[in-house]
Amino acid sequence: MAATFKYQPAWAIDVSAPGSSRNFPRFLSMRFACNASISTPLSISHHSSTESTLILIRHGESLWNEKNLFTGCCDVPLTKRGVEEAIEAGKRISYIPVDVIFTSALIRAQMTAMLAMTQHHHKKVPIIIHNESEEATTWTQVYSAKTTKQSIPVITAWQLNERMYGELQGLNKQETAERYGKEKVHEWRRSYDIPPPKGESLEMCSQRAVAYFKDFIEPQLKSGKHVMVAAHGNSLRSIIMYLDRLTSQEVTDLELSTGIPLLYIYKEGKFISRGSPVGSTEAGVYAYTQSLAVYRQELDEMSH
Ligand SMILES: O=C(O)[C@@H](CO)OP(=O)(O)O
């Protein structure tokens, strides 16, 4: 079968991307059996666009957020409230274009991305790309160009996982503060370079999360693709530190709420923060760039 996989859809990522020689997941080798020419159905052309959107979403409330437990890389699902937050987040971004989704390898981020996309006006189907083995790649192929066009690839990457919290994972945050002192626990949770016992500091988390962002997500934005990243409090704090050029002191005060999408415009190599596309500020988002305004208008026309 492999010999027949001749075409690479627009969503497949350039194998020559920097960092591809590292041991990153094998999503790079995705192939389709059909002779598919994939492009966005709306008028924002990937090739002519000089600006693209980046949505960052921290997952909705998880069962361990609810119980106030250190979670880190433990793979726990969303609560009912987390599910609702993800759906609400989806409503807030439902008019913002999304061509490719990156999530961590953890279910709470993946659930958030999938639930958010149920609200999107373009009605495309998010599909998780499985390239963990030859079989996974072969057995998950799509053979229809039309179906591929109506899909959004969802790329999972462990590098976007929550920071690994070491020996704090599963411990109650309040009880840990009582045992080790509030200040020590705050230092473990929010300092830049002090790791919790046997865990990752924010700096260590940033070394993998920001490297992944630069190597795999930024090239997508550069090529005009609109990207959503669903990840975690600390992996996103490290990415925001990079995007907003925060100092290691400034990032200690950065807190992200669950399920609140943050919007950036990527333009001429720069990231411009547009805050959270909530309610009335949405107009401001669309006023910001002409091509986004056109996208919005076309979505409106499609849904009438
Ligand atoms: O427990 C965790 O994994 C994180 C995020 O929920 O907690 P904190 O906010 O303490 O970094």
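The values are calculated or read from the model by the stated rules, or taken from the named source; none is laboratory data. These figures come from a predicted structure and were not determined experimentally. Please note: Cβ atoms are built from the backbone with ideal geometry, for glycine as well, and neighbour counts cover all protein chains shown.
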Inset, instruction - Output the qualifying pairs, or none if there are none: Cβ atoms under 6 angstrom, residues six or more apart or on different chains, first residue in region 163-175 and under 15 Å from Ser62 (Cβ atoms), second residue within 11 Å of the ligand (Cβ to nearest atom) and part of a helix (DSSP H, G or I). - result: Arg163/Cys205; Arg163/Asn234
Inset, instruction - Can you run down the residue pairs with Cβ atoms below 8 Å, 6 or more apart or on separate chains, where the first is in region 56-75 and closer than 27 Å to His226 by Cα and more than 8 Å from the ligand (Cβ to nearest atom) and the partner is modelled with pLDDT under 95 and of a type in the set (Lys, Arg)? - result: none
Inset, instruction - Could you grab the pairs with beta carbons closer than 7 Å, sequence gap of 6+ or different chains, first residue in region 176-193 and in contact (Cβ under 8 Å) with a residue 60 or more places away in the chain, second one part of a helix (DSSP H, G or I) and within 11 Å of the ligand (Cβ to nearest atom)? - result: Thr176/Leu168; Thr176/Val185; Tyr192/Leu202
Legend entry - region 232-249 - residue that is within 14 Å of the ligand (Cβ to nearest atom) and among the small types (Gly, Ala, Ser) and, of those, nearest to the chain's Cα centre (by Cα): Ser235
Inset, instruction - Would you confirm whether any residue within region 103-113 is away from the ligand (no atom under 16 Å from the Cβ) and in contact with a Phe, Trp or Tyr (Cβ under 8 Å, 6 or more places away or on another chain)? - result: no
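Out of the residues in region 151-175 that are polar (S, T, N, Q) and either surrounded by 14 or more Cβ atoms within 10 Å (Cβ to Cβ) or in a loop (DSSP other than H, G, I, E, B) (or both), state the one that is farthest from the ligand (Cβ to nearest atom).
Only one residue tops the list, namely Ser151.
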Inset, instruction - Being in a helix (DSSP H, G or I) and among the aliphatic types (A, V, I, L, M) is the filter; apply it to region 214-231 and report the residue that is farthest from the chain's Cα centre (by Cα). - result: Leu221
